[in-house]
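The block underneath contains the structure these notes are about, expressed in structure tokens.
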Amino acid sequence: MREVPEDPCPLRTAFQRDRDRIIHTKAFRRLKHKTQVFISPEGDHYRTRLTHTLEVSAIGRTVARAMGLNEDLVEAITMGHDLGHAGEHALDDLLREEHGRRFLHNEQSVRVVEVLEREGRGLNLTREVRDGIRHHTGEGRPTTLEGQIVRLVDRIAYVNHDIDDAVRAGIISEADLPRAEIAVLGSSTSERITCLVSDIVGSSADADEIRQSDEVGDAFRSLRGFMFDEVYLASPAADEAGRARYVVQALVRAYHDDPSLLPPGGDDDVVTRVTDHVSGMTDRYAVRVHRDMFVPHEGPL
């Protein structure tokens, strides 16, 4: 169901149309320059938000097909789930401390598809897709089984590909991974994803929700905890996050103090306009704008 009724397409399902609308947005194209753990890393093989989105989609479609659920709905949700993801913690902390507001990337992703794209007209996506985007993380649970699939495989995708990236970056080695959890889940990315997907399909087959078995779910949550302790909250990822936080918050304050620096149009509320603009920035663009604003230029004036 859409907010504004539309005639059906003779060739595509409603969820296929939603997917196509999302992948043609500016926000989706910017995902290729928004990185996952490492900010603008050197090298061509680290994950970006775009490659993460594609990996979530692939895993989610596999689960949906095995369970006889709607693959098109899963794909549409995955394509839109991270459109508003940029500097979440830095933005949320600043907005709470200085403006009494919150920034949650799932809510911002919904705002992107409902309000910001198509010059403020939004994409008029189906209710099921918007619900899946909103509830892929945070409080609440998606109303559809397909949305619940995305909520779970999003974590499966990022934990496993972030292990791969962290090993490539030399932050951890394969030998550092917790042995008990690896014994349950598998010693390679492929083995772990196969184990996790098979477990979801088997555990959810006769249930009214998407779930994991106790053994595999506990092992996966423990492995995710290891990644937070040893990668996400440790150097150098934490150091980069601190630098990114400084850049994001400096930009927010600068735009708020001088709204004339913002592009024309947008919400009447200045804080919302600033949040929309900064959260939509790619890593490289944010660093470049920060440099232009705050770093003295070399050479003759």
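Just so you know, all these numbers are worked out from the coordinates, no wet-lab data involved. All values reported here derive from a predicted model rather than from experimental measurement. Quick reminder, even Gly has a Cβ in these numbers, built from the backbone with ideal geometry, and neighbours come from all protein chains shown.
Matching residues to (1) over 22 Å from Gln249 (Cα atoms); (2) crowded, with 21+ Cβ neighbours inside 10 Å:
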site: Lys32; (1), (2): yes, no
site: Gly68; (1), (2): yes, no
site: Ile77; (1), (2): yes, yes
site: Leu104; (1), (2): no, no
site: Leu116; (1), (2): no, yes
Which of the residues that make up region 115-137 are farther than 16 Å from Asp20 by Cβ, in a loop (DSSP other than H, G, I, E, B) and in contact with a helix residue (DSSP H, G or I) (Cβ under 7 Å, 6 or more places away or on another chain)? His135, His136, Thr137
Within region 273-301, the count of residues that are surrounded by 15 or more Cβ atoms within 10 Å (Cβ to Cβ) and either more than 25 Å from the chain's Cα centre (by Cα) or in a helix (DSSP H, G or I) (or both) comes to 12
Got at least one residue in region 156-163 being part of a helix (DSSP H, G or I) and either free of Cβ contacts under 8 Å to residues at least 40 places away in the same chain or touching a Phe, Trp or Tyr at 6+ places or on another chain (Cβ under 6 Å) (or both)? yes
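Residues of region 166-216 being in contact with a His (Cβ under 8 Å, 6 or more places away or on another chain) and either surrounded by 16 or more Cβ atoms within 10 Å (Cβ to Cβ) or within 15 Å of Thr62 (Cβ to Cβ) (or both), which ones? Don't jump to the end; show me each part of the working.
So in region 166-216, the residues in contact with a His (Cβ under 8 Å, 6 or more places away or on another chain) come out as 168, 189.
Of everything in region 166-216, just one residue is in contact with a His (Cβ under 8 Å, 6 or more places away or on another chain) and either surrounded by 16 or more Cβ atoms within 10 Å (Cβ to Cβ) or within 15 Å of Thr62 (Cβ to Cβ) (or both), namely Thr189.
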Filter region 73-108 down to the residues that are touching a helix residue (DSSP H, G or I) at 6+ places or on another chain (Cβ under 7 Å), farther than 16 Å from Leu31 by Cα and small (Gly, Ala, Ser) and list them by number. Ala90
Count of region 123-145 residues which are surrounded by fewer than 19 Cβ atoms within 10 Å (Cβ to Cβ), small (Gly, Ala, Ser) and farther than 13 Å from Gly84 by Cβ: 1
Given (1) out of contact with any helix residue (DSSP H, G or I) (no Cβ under 6 Å at 6 or more places or on another chain); (2) touching a residue at least 40 places away in the same chain (Cβ under 8 Å); (3) not charged (D, E, K, R), number of the condition Ala238 does not satisfy: (2)
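Identify all residues within region 262-283 that are over 20 Å from His85 (Cβ atoms) and free of Cβ contacts under 8 Å to residues at least 24 places away in the same chain; write none if there are none.
Step one: list which residues in region 262-283 are over 20 Å from His85 (Cβ atoms), which gives 262-265, 268-270.
Hits for region 262-283 are Leu262, Pro263, Pro264, Asp268, Asp269, Val270.
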Residue tally, condition touching a residue at least 12 places away in the same chain (Cβ under 8 Å), charged (D, E, K, R), in a helix (DSSP H, G or I) and within 23 Å of Ile210 (Cα to Cα), over region 52-111: 5
